[in-house]
Structure formats: structure tokens, C-alpha cells
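Right, one structure below, let's go through it.
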Amino acid sequence: MSVLVYIDTLNGKVAKSAMEAVQYGSKIGATTVITNGSISAEELGKLGGVGADKVLVNRALTSTDAAQVARLVKAAASSTGATTIVFSQDLTGKAVAPRVSASLKAGLVSGAIAIPEGDGSIRVNVFSGKAAGKVKVNTTVKVIALTPNAVGVQPGEGSAVVEEFSADLGVASYTVKEIKKQEGDILLPEAELVVSAGRGLKGPENWGIVEDLATALGAATACSRPVADIGWRPHHEHVGQTGVAIRPNLYIAAGISGAIQHLAGVNGSKVIVVINTDPEAPFFKAADYGVIGDAFEVLPRLTAEINKLKAQN
Amino acid sequence: MKLLVCISKSPDTTSKIDFTNNNTEFNEAGVQYIVNPYDEWYALVRALELKEQNGGSVTTITVGTANDDAIIRKALAIGADNAVRIDAEAGDAYFTAFQIAEYAKVNGFDIVFTGKETINYNGSQVGGMIAELLDQPFVSLATNLEMNGNVATISKEMVGGDEVVELSTPFVVSAAKGMAEQRIPNMRGIMAARTKPLEVISAVACDHLISFESYELPASKSACKYVDVDNMAELVSLLHNEAKVI
């Protein structure tokens, strides 16, 4: 079976979620990757280490314009004869995969959390992570959008052939006027470790202790909805039902009570640590480890212990 | 400006999620349905604000059965002028998008709005599919939208940040947090909604590209292990040696 994986490499790097999508594809069949922009052929060649046979790169397209990326993906699928097209369910995948699906009349499985089973059905996240569903695709060609951090990635050695790929991209949908990069290196949706805090922190000026712990761990920072709504933290840090849904290996929540809407965004996390002064906080029911105590005391102590551990290793 | 807002129902955010019929169907017992929050708070309200600024009309469209009329009336109470319901079970995203695109083709809209996703299926599929079927631009995950004549300036989320894009109508846009603030319907709106037009039209033939076979709930968590405030060394040791996540 021939598989095509689209990855967004516009920032010049191959994100972890992109490697995850490529390795996912390689478990289904012989995998070709399609991407666009100015990323170096050397970086792309490394995708051989996660199972890519070949990487096609279109240099002319330098945006994530959904209509143009969709045309590029369709051209690559037609040229490789792919019957499975994989995206990461990231912000680009969410825009492009539905266009490709509708254009090819190929069933789209979004939010996949596992490789297809023997009967071809695929498990997906539904109800904002409160349940999983099994989806059957009724068409020959399948489009799969993979939830980041759901299957993980084991990088290995290997190199893939990199070829330039040109296609008729049609006209651009819009003019890009401005790009604002998010601060910080670790993108929340694909972070393995996340430190999050809520109203219990009492004010934005107190976030230093959250950031210190995140820095010690090499974690991304996140927050609860009220904190984003009142402007203590940027909206892209808000995790929960109406914010970002994440599935890190470790989620540390300080001063967050754990309303059901917050849990919806984080209950895919492998391990949850809850720090709260209120022993009745509902979040403890979803936690693996709990500390009943004040975040202002607990976080600095935890940071100090993490730093000790890092110093030993 | 003619604006079309896609409205879907979803279980209230506090609903207990459960399944019946051998885990093949969502258990609706005791579930309160609401307008999908992204459709209501962001897409519909922003469309209403644009109409208030520039004139025109806001139509809502829903693919669903008569069971959806209550949430459609809610959207009318918030301020939509009229509503259309395509009379069919919603089915998969392609079926839904196809019905909406067929209606939009015939009736011609400047902007079609969707929410970024529904909170039950989280697919983020319908908006992009409608755009493809209409052969129009799709601006996904918009957090701000300003109109100047027929030119829109839109801030949208992208991987690792935001971008500001400019384009002319017609287009399809999916609304994310930031687009607008939730509006609570007032009594006048609720009364007016009773008499606003809700047109029910038949679905057109369309295949389902995917189907949900079954559902499962996550395995229940084992009880939380408590660690004393004064013993963060133990917590670090548990995370390192037992959970093996650091």
C-alpha cells in the first residue's frame, strides 16, 4: 500500500508531530512525504530515520494556504498513487485535510490515536477526549489526521531520497500581511512535559514559579480558561474544552480545580500531577499524584528537587 | 452582506459521556443539548456584529432533525434573522458539508461561518469541506475578522504563532476563541425567535464517506497517590522511577 504524508515544515524544521505522522504512515505502507517551503534537503533526508522512503518538496509554495496545500497534496497523491494520505491534526492539517477529503471524496478520519486495525477501522478521540470512537472508512482512498502525541515516535537512523516536486497550485486564497511567532521554543500541542497553572496563582506577576519549574523540566507552560480570559496568560496557552487539547507524558497542574471542561483538554495525558490547597478539588480524582498544598510553597520546592535530579544525571 | 452561519448541536459541556446499544450509540438520556459553543460564541456572534456594522442578513443553517429546532431557536434568539434546517440525520462531516454547500451554491453568501470544531466529534472537518465544495478560500481558526467593503482582514492561528491575512469575499471561515464574546439572549430576542422563519428543506442524495462503528470510555484511573508538601524529593522520585516520565 502506498502512503503519502503531508508535513508542515515552514519554520525550517521538522517538528516532532511531523516525525510522528511520518512514522505512523510507514507502519501502514511505503511512505512518501510531501512538504513545501525552504527547509534544507539535509533536514528532510533525515526523515528516512522515521520510515520515509522518499521526500517530495515544493519550493514555490511558502505558505500554508489550505487551497494551495490541498492542490499540492492531491498532485503528489496522484503522482505516487497513494491510497492513504496522512496529516498531523495540527493547525495546518485541520485546514487542509478536509479540502483534500472533499475533493477526492476520500473519507477523512480526524483525531486518529492508533494505526488502522486489521479490519481497517481506526480509533479516534471524540467528546473532547472524554471517549474514543472506532471509525470505518467507506472509500478506497483514506485521509487520516493524526492527533499529536497519540502514538509517539522512535527516531532511528536512515536517510530518504529528497526530490523537488512542482505542481499547479492555482491562485493563492489570500495575501499574508503579517506573521507573529509565538514566544518560547516548545509548542504546547506537541510538548511532552507541561506545567500549567490557574487562578490559584492569584495574578500574572506570580507566573515566575511556574516558568521556573517549566524551565527546570524543559516543559511548555499552559493555563486554565479563566486565566486566559482575564488576560493573565496568552490564549494559546489555554488548555481545555474550548482551548487546546493536549496529551503530554506529564501534566502538572497547580492551582487549577479541575472543572470537567478543563479535564476534557488534558485527560489524554499519561501522568497527571495536581497541586491544590483544596483537598476536595475535583482534579484530584483524575490525578495520578497529588499534593495538597499551596502552589507558592510547592512549586519552588519541586523545582529545586528537579534541578537536583538533573544535576545527578 | 449575506452571511451564513453553520450551527450544530452538541451535548452541554458538563454532560456525562456514556454509550448504549452495545457501545454503538451515544446515550442521550439526561443529556442537555446546546448550540455547539464555537458555532454560537464565536461564529454566530461575529456574524451578527458584522451585520450590525455593515447591514445585511444572518442566516443559520443546520443539518438535523426536528430535535434540533430548540437549539436553532436559541440561535435566532441571539439575533439571527432566519434559519434553515436540512431535514436529515447529520451523518458524517462530508454529508453535512455537502448539504450546506448545495444550499450555499443556490443562495449565494458573502461569508460562510463555522465554529472551529464541534465539542462532540472534534473533527474540524465541515468548514474546509464546504470551502472545497464551493471552490472558495478557507480561512481556518480565525481569532479576529474585520471587514472593509468586501475585503476581510483576518488573524488566524497557525503552527507556532498567528498570521494576518487579507482576502475578498466570498470565503469560508472557521471561528476560534477571540473572534467575539458570548451573547446571552434577552427576553425580547427569545420572544422574537418564536416567529422568525425556520425553513425546513429536504436533503440531497450524498454518500457517507466514514461511519462510527463503536465507542469506548477511557480506562478508569487508579486512585491518586498523595505526596506530602514537605517531601517533593519523593514526588520527583515517583515521577522518575515509577511513572518514568522525567
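The values are calculated or read from the model by the stated rules, or taken from the named source; none is laboratory data. All figures in this text were calculated on a predicted structure; none of them were measured in a lab. Cβ atoms come from the backbone with ideal geometry, glycine included; neighbour counts cover every protein chain shown. Each accessible area value is taken on the protein alone, full model and side chains, heavy atoms only, with ligands, DNA and RNA left out. Shrake-Rupley method; radii C 1.70, N 1.55, O 1.52, S 1.80 Å.
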SASA check, A:Glu211, accessible area w/ 1.4 Å probe, all protein chains in place, rounded to nearest 10 Å², comes out at 80
Computed on Cα atoms only, the convex hull of the protein assembly as shown has an orientation-averaged projected area in nm² of 25.2
Over the protein assembly as shown, the sum of -39500 (n - 2.57) across DSSP H runs of at least four, divided by residue number and rounded to 500 deg cm²/dmol, gives at 222 nm -7500 deg cm²/dmol
With +1 at each Lys and Arg Cβ and -1 at each Asp and Glu Cβ, the charge dipole magnitude of the protein assembly as shown around its Cα centre, to the nearest 20 debye, comes out at 460
The simple spin-label model distance between B:Val164 and A:Val151, using points 7 Å out along Cα→Cβ, in nm, is 4.0
Over all directions, the stretch B:91-246 yields a Cα convex hull whose mean projected area in nm² is 16.7
Computed for chain A: size of charge dipole around the Cα centre, +1 on C-beta of each Lys and Arg, -1 on C-beta of each Asp and Glu, debye to nearest 20, value 820
Here the net charge surrounding B:Leu48, from other residues whose Cβ is less than 11 Å away from its Cβ (Lys, Arg +1; Asp, Glu -1), is -1
Rounded to the nearest 10 Å², the accessible area of B:Asp87 using a 1.4 Å probe with every protein chain kept is 80
Whole-percent carbon and sulfur contribution to the accessible surface of the stretch B:18-75 (1.4 Å, no ligands, DNA or RNA) stands at 40
For the A:Thr62, B:Asn54 Cβ pair and Förster radius 30 Å, calculated FRET efficiency rounded to 0.05 is 0.35
Output row, site B:Val204, 7 Å Cα→C-beta label point, backbone N cut-off 16 Å, window the stretch B:121-138, residues B:129-136
Here the gain from full extension of A:Asn313 to A:Ala114, 0.36 nm per residue of separation minus their alpha-carbon distance, amounts to 68.3 nm
The convex hull of the Cα atoms of the stretch B:1-131, divided by residue count, gives a volume in Å³ per residue of 101
Computed for A with B: buried accessible area summed over both chains, 1.4 Å probe, rounded to 100 Å², at 7000
Projected onto the charge dipole of the stretch A:175-313 (unit charges on the beta-carbon of Lys, Arg, Asp and Glu, signs +1, +1, -1, -1), the Cα from A:Ala245, A:Thr221, A:Ala259 with the largest positive-side position is that of A:Ala245
Honestly the stretch B:140-190 on the Cα gyration tensor test (a ≥ b ≥ c root eigenvalues; a/c under 1.5 rounded, otherwise a/b vs b/c for prolate or oblate) is just oblate
With the full set of protein chains present, the residues of the stretch A:86-123 whose 1.4 Å probe accessible area falls by 30 Å² or more relative to the chain alone are A:Leu91, A:Lys94, A:Ala95, A:Pro98, A:Arg99, A:Ala102, A:Lys105, A:Leu108, A:Ser110, A:Arg123
Per residue, the convex hull enclosing the Cα atoms of the stretch A:1-146 spans a volume in Å³ of 99
In short, the stretch B:188-209 residues buried by 40 Å² or more of accessible area relative to the isolated chain (1.4 Å probe) are B:Leu209
Hull surface over four for the Cα convex hull of chain A, reported in nm², is 17.1
The percentage of the accessible area of the stretch A:142-231 (probe 1.4 Å, all protein chains present) made up of carbon and sulfur atoms, to the nearest whole number, is 47
At R0 = 51 Å the Cβ-Cβ FRET efficiency linking B:Asp228 and A:Glu183, nearest 0.05, sits at 0.90
From the Cα centre of the stretch B:23-90 to that of the stretch B:93-128, the distance in Å is 12
If one builds a Gaussian network model of chain A from Cα atoms under 10 Å apart, the most fluctuating residue listed among A:Leu263, A:Leu250, A:Leu91 is A:Leu91
Classified through the alpha carbon gyration tensor (a ≥ b ≥ c as square roots of its eigenvalues; rounded if a/c is under 1.5, else prolate when a/b is larger than b/c, else oblate), the stretch A:50-111 comes out rounded
The rounded separation in angstrom of the Cα centers of the stretch B:211-238 and the stretch A:55-80 is 41
Given a 1.4 Å probe, the accessible area of chain A per residue, as a whole number of Å², is 37
Computed over the Cα atoms of the stretch A:193-291, the Rg and Dmax in Å are 11.8, 30
In nm, the gap between the two label points placed 7 Å beyond Cα toward Cβ at B:Asp81 and B:Lys221 is 4.9
With every protein chain kept in place and a 1.4 Å probe, the stretch B:85-206 has an accessible area per residue in Å² of 40
With every protein chain kept in place and a 1.4 Å probe, the residues A:Asp8, A:Asp119 fall, from largest accessible area down, as A:Asp119, A:Asp8
Per the 1/(1 + (r/R0)^6) rule, R0 = 22 Å and r from the Cβ atoms of A:Ser78 and A:Val161, FRET efficiency to 0.05 is 0.70
Most fluctuating of B:Val139, B:Val31, B:Val45 in the GNM of chain B (C-alpha, under 10 Å) is B:Val31
